[in-house]
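Here's the structure, in structure tokens; my notes come after.
Any read-out appearing in this document is the output of simple, stated calculations on the displayed coordinates, not a laboratory observation. Being a predicted model, the structure only gives us computed values, none of them experimental. Reconstructed Cβ throughout: ideal geometry from the backbone, glycine too, with neighbour counts over all protein chains shown.
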Amino acid sequence: MERQKPAVGLDSGMVRVAVGSANPVKVGATERVVRDVFAGDDGAGESEAGPVTVAGVAVDSGVSEQPVGRTETLSGAENRAARALEADPDADY
């Protein structure tokens, strides 16, 4: 089964992904995955729209520092994702 690349309809010439954390380990892990997902056939880490940039954004998760259970963990992750996009208006994802 062929992997489908995310739809990119951008005029900016690059793809920007915001990560709801400033933790360099989380940003780095996201960068590796995003580059793989958006990589062209040559694996260069560029989308059809151009280079891919990953930016860490320090945001509050809205849950306890050590969430307990699936519901709280997912809620915190969703909050961070939404808040990262709000905090970085140039982000596409």
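Things worth noting here:
- FRET efficiency, 1/(1 + (r/R0)^6) with R0 35 Å, evaluated for GLU78 and MET14 via beta carbons: 0.85
- Long-range HN-HN contacts of ALA18 with modeled amide H, under 5 Å: ALA55, ASP92, TYR93
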